[in-house]
Amino acid sequence: MSIWNKYFDWPPVWLLIFMAVAWGQVQLWNPLAYETGLTTLIGRGAIVFGILLMGVSFVMFQQHKTSLVPKRTPNSIITSGPYKYSRNPIYVADAIVLGGYVLTLGSVISFALIPAFAWVIRKRFINGEEAGIRAEFGQAYEDYCQQTRRWV
């Protein structure tokens, strides 16, 4: 296992990387800049909402006594709370935080980072996690997937 995979390949690290790229883009080149108090307020609200969604999702893992560590197969499938609406509410929360941050920066161009972030998270984490859960829980997980979207 490489040092990157062991210490740095975690979803919050990817969120920070994408936030840093957004910040850097604004510092270097921001031709479609905007600045309004309303977008800053909405952005901050999105960041707070994303953090709260993460917190609620973490609590659900604790209540179900299952692993929160990415790339590990959980002990159970969580289908209540935010997991009733998304199979990955923590990743959704990460994307909301990134979107809120981009709003506060005032950069139209940085909005392109949100689908790029979702793509990286899906490729690096979600695909493998879902394969492990599918192998562990079979039809129960398939039924959950039929009822609940991956993102929202």
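Quick notes
- Trypsin sites (Lys or Arg not before Pro) restricted to region 116-152 and DSSP loop, no more than 15 other C-beta within 10 Å: ARG149, ARG150
- Carbon plus sulfur fraction of accessible area for region 1-116, probe 1.4 Å, in percent: 72
- Cα long-axis angle, helix 89-105 against the chain (0 to 90 degrees, to the nearest 10): 0
- By average C-beta atoms within 10 angstrom, highest first, the peptides 95-101, 138-144: 95-101, 138-144
- For region 12-121, the set of trypsin sites (Lys or Arg not before Pro) satisfying both a DSSP loop assignment and a count of at most 12 other C-beta atoms within 10 Å is given as LYS65, ARG72.
- Among the chymotrypsin sites (Phe, Trp or Tyr not before Pro) within region 37-100, those in coil by DSSP and having at most 12 neighbouring Cβ atoms inside 10 Å are TYR85.
- Correct option for Cα extents along the principal axes in Å [calculated from the coordinates] among [x] 55, 43, 43; [y] 39, 32, 29; [z] 50, 36, 25: [z]
- Most to least accessible of GLU35, GLU129, GLU136 (protein chains only, probe 1.4 Å): GLU35, GLU136, GLU129
- Simple point charges give the picture: +1 on the Cβ of Lys and Arg, -1 on the Cβ of Asp and Glu, and for the chain a dipole about the Cα centre of about 200 debye.
- Approximate spin-label separation LEU41-ARG72, in nm, with each point projected 7 Å along Cα-to-Cβ: 4.3
- What the chain shows is 58 Å² of accessible area per residue, with the surface traced by a 1.4 Å probe over protein heavy atoms.
- Projected label distance in nm at VAL152 and ILE51, using a 7 Å step from Cα toward the beta-carbon: 1.9
- Centre separation in Å (Cα based) which lies between region 135-152 and region 43-112: 18
- The angle separating the long axis of helix 127-137 from the principal Cα axis of greatest extent in the chain is about 20 degrees.
The values are calculated or read from the model by the stated rules, or taken from the named source; none is laboratory data. The structure displayed is predicted, hence computed values, not measured ones. Virtual Cβ from ideal backbone geometry, glycine too; neighbours counted across all protein chains shown. Please note that ligands, DNA and RNA were not included when accessible areas were found on the heavy atoms of the full protein model with its side chains. Shrake-Rupley method; radii C 1.70, N 1.55, O 1.52, S 1.80 Å.
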